[in-house]
Amino acid sequence: MSDASFLSHARYGKDKVRVLRVVREGKWHHVVEYNVQAMLEGDIETSYTEADNSVVVATDSIKNITYYLAKISPHVLVPERFALHLGTHLVSKYAHIHKAFVTVEQLRWSRIPVPGAQGPQEHPHAFIRDGDEKRIVRAEVDASGGKDKIIARVSAGLSDLLVLKTTESAFTNFVRDKYTTLKEVDDRILSTSIDLTYTFSPVEIPQPTDADVEQFTIPTEIAPGSVWDTAVPTNARKVTLETFASDNSDSVQATLFRMARLVLAQNAHVQTVAYALPNKHYIPVDMGYLGVENLVPAQAEVFMPIAAPSGLITATVSRK
Ligand SMILES: O=c1[nH]c(=O)c2[nH]c(=O)[nH]c2[nH]1
């Protein structure tokens with residue numbers, strides 16, 4: 001073989017590790033269901049170039065470590081913290097592994113409301129999958145500067161949050177030329193499946209000792225109750241939904257920008273906010289051939305949902 005090619009990038013690991021974890025506080029039970037991807041980089045080139053498996057931590061072992069940490073981690077109920085624990089364990093356990101990339105996708109399990117003495121209350125151990133929405137956390141745990149100088153870069157957010165509004169959405173003044181067939185509308189259905197990602201400033205992770213593996217101390221920036229775990233996910237979701245609902249939308253682009261600026265304004269630790277918003281089209285059905293009017297904006301009542309194609313509006317808004 002000639003020397004005209006070289007291995008320019010290599011990363012491997014386990015994908016779609018599915019785990020359900022139950023945490024029991026007496027009769028009050030918590031559950032999280034995660035899809036975990038854990039990928040590694042380091043001195044692993046020879047496994048590709050020389051079939052040298054001596055540098056390979058088997059992806060099967062990576063799966064086993066994921067389940068082990070799901071069992072022993074005190075952070076398992078918070079995906080940001082669980083991802084950091086797993087990534088930090090992977091880079092500190094193996095000398096030749098310098099970076100871990102952990103993605104945790106959390107599926108929804110909400111408590112089922114049941115009648116109680118003072119009205120509806122949440123059931124202690126029965127849950128419902130109320131929607132396809134996922135909470136998504138990505139942690140890059142970087143020990144390439146030394147095992148005693150681990151840097152974590154975390155982003156989080158949500159995906160597949162499906163929303164729709166029936167007015168206060170317009171789209172006018174766009175480029176008109178020979179390719180234009182779309183009519184200007186001052187009233188239309190707006191629907192999207194929200195994909196939101198926000199990033200935090202990097203933080204340094206104290207090197208865990210062997211004895212420490214099971215405990216794993218979270219840096220103060222990401223201590224329980226900080227913006228890293230419960231505050232931001234709740235707040236960013238709320239701001240996103242409220243802005244979608246209340247904004248008098250001139251376009252998906254303009255509404256996206258408003259959402260992102262509000263998330264940044266309300267969360268000091270967030271550095272960038274990115275959305276990917278498909279514009280899921282609903283087309284008024286033309287019933288003119290029956291003598292039935294259904295095309296006038298704000299009066300149309302029957303729409304055809306169009307699965308594909310959709311618009312796709314994306315942007316990242318960053319703190320100055
Ligand atoms: O909000 C919108 N943004 C667009 O860029 C676009 N393009 C289009 O055909 N409809 C819409 N709607």
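Scanning region 260-280 for residues that are touching a residue at least 40 places away in the same chain (Cβ under 8 Å) and either of a type outside the set (A, V, I, L, M, F, W, C) or within 16 Å of the ligand (Cβ to nearest atom) (or both) returns A260, R261, N267, H269, Q271, T272, Y275, A276, L277, P278, N279, K280.
Of all residues assigned to region 303-317, at least one qualifies as being more than 16 Å from the ligand (Cβ to nearest atom), over 15 Å from L190 (Cα atoms) and open to solvent by 40 Å² or more (accessible area, probe 1.4 Å).
Is it true that some residue in region 81-91 is out of contact with any helix residue (DSSP H, G or I) (no Cβ under 9 Å at 6 or more places or on another chain) and open to solvent by 10 Å² or more (accessible area, probe 1.4 Å)? Quick ask: steps written out before the conclusion?
So the first thing to find is which residues in region 81-91 are out of contact with any helix residue (DSSP H, G or I) (no Cβ under 9 Å at 6 or more places or on another chain), and the list is 83, 87-88, 91.
Next cut, open to solvent by 10 Å² or more (accessible area, probe 1.4 Å) only: none.
No, region 81-91 contains no residue that is out of contact with any helix residue (DSSP H, G or I) (no Cβ under 9 Å at 6 or more places or on another chain) and open to solvent by 10 Å² or more (accessible area, probe 1.4 Å).
Contact map, region 127-147: residues that are at positive phi paired with residues that are open to solvent by 50 Å² or more (accessible area, probe 1.4 Å), Cβ distance under 7 Å, separation 6+ or inter-chain. Pairs shown: G131/R108.
Note on region 1-38: residues that are in contact (Cβ under 8 Å) with a residue 60 or more places away in the chain, loosely packed, with under 13 Cβ neighbours inside 10 Å and among the hydrophobic types (A, V, I, L, M, F, W, C) amount to 1. Note on region 248-259: residues that are more than 12 Å from the ligand (Cβ to nearest atom) and open to solvent by less than 20 Å² (accessible area, probe 1.4 Å) amount to 1.
Every test in (1) closer than 27 Å to T199 by Cβ; (2) within 16 Å of the ligand (Cβ to nearest atom); (3) crowded, with 21+ Cβ neighbours inside 10 Å is passed by V104 save one, and that test is (2). Yes or no: region 284-300 includes at least one residue that is open to solvent by 50 Å² or more (accessible area, probe 1.4 Å) and modelled with pLDDT under 90. Looking for residues that are open to solvent by 50 Å² or more (accessible area, probe 1.4 Å) and modelled with pLDDT under 90, one finds none in region 284-300, hence no.
Can you name the residue in region 1-38 that is under 29 Å from the mean Cα position of the chain (by Cα) and among the acidic types (D, E) and is also farthest from H123 (Cα to Cα) among such residues?
To start, the set of residues in region 1-38 that are under 29 Å from the mean Cα position of the chain (by Cα) comprises 8-25, 28-38.
Subset that is among the acidic types (D, E): 15, 25, 33.
Working: D15: 32, E25: 13, E33: 18 Å.
This residue is D15.
Tell me, please, whether a residue that is of a type in the set (S, T, Y), closer than 30 Å to L161 by Cβ and either open to solvent by less than 80 Å² (accessible area, probe 1.4 Å) or at pLDDT 70 or above (or both) can be found in region 213-228. Looking for residues that are of a type in the set (S, T, Y), closer than 30 Å to L161 by Cβ and either open to solvent by less than 80 Å² (accessible area, probe 1.4 Å) or at pLDDT 70 or above (or both), one finds at least one in region 213-228, hence yes.
With the structure loaded, tell me whether H98 is at pLDDT below 95, touching a helix residue (DSSP H, G or I) at 6+ places or on another chain (Cβ under 8 Å) and over 14 Å from Y34 (Cα atoms) or whether it fails that test. Can you show your working first?
Numbers: at pLDDT below 95: no; touching a helix residue (DSSP H, G or I) at 6+ places or on another chain (Cβ under 8 Å): yes; over 14 Å from Y34 (Cα atoms): yes.
So H98 fails the test.
Might you check whether a residue that is without any contact (Cβ under 8 Å) to a residue 24 or more places away in the chain, open to solvent by 40 Å² or more (accessible area, probe 1.4 Å), within 30 Å of H123 (Cα to Cα) and more than 26 Å from the chain's Cα centre (by Cα) occurs anywhere in region 39-59? Checked region 39-59: no residue is without any contact (Cβ under 8 Å) to a residue 24 or more places away in the chain, open to solvent by 40 Å² or more (accessible area, probe 1.4 Å), within 30 Å of H123 (Cα to Cα) and more than 26 Å from the chain's Cα centre (by Cα).
Would you check if there is a residue in region 80-93 being more than 24 Å from P206 (Cα to Cα) and free of Cβ contacts under 8 Å to residues at least 60 places away in the same chain? Within region 80-93, none of the residues are more than 24 Å from P206 (Cα to Cα) and free of Cβ contacts under 8 Å to residues at least 60 places away in the same chain.
The values are calculated or read from the model by the stated rules, or taken from the named source; none is laboratory data. Here the structure is a predicted model, which is why all the values come from computation and not from measurement. Note: ideal-geometry Cβ built from the backbone for every residue, glycine included; neighbour counts use all protein chains shown. When the accessible area is computed, the model is the full protein with side chains, heavy atoms only, and any ligands, DNA or RNA have been set aside. Shrake-Rupley method; radii C 1.70, N 1.55, O 1.52, S 1.80 Å.
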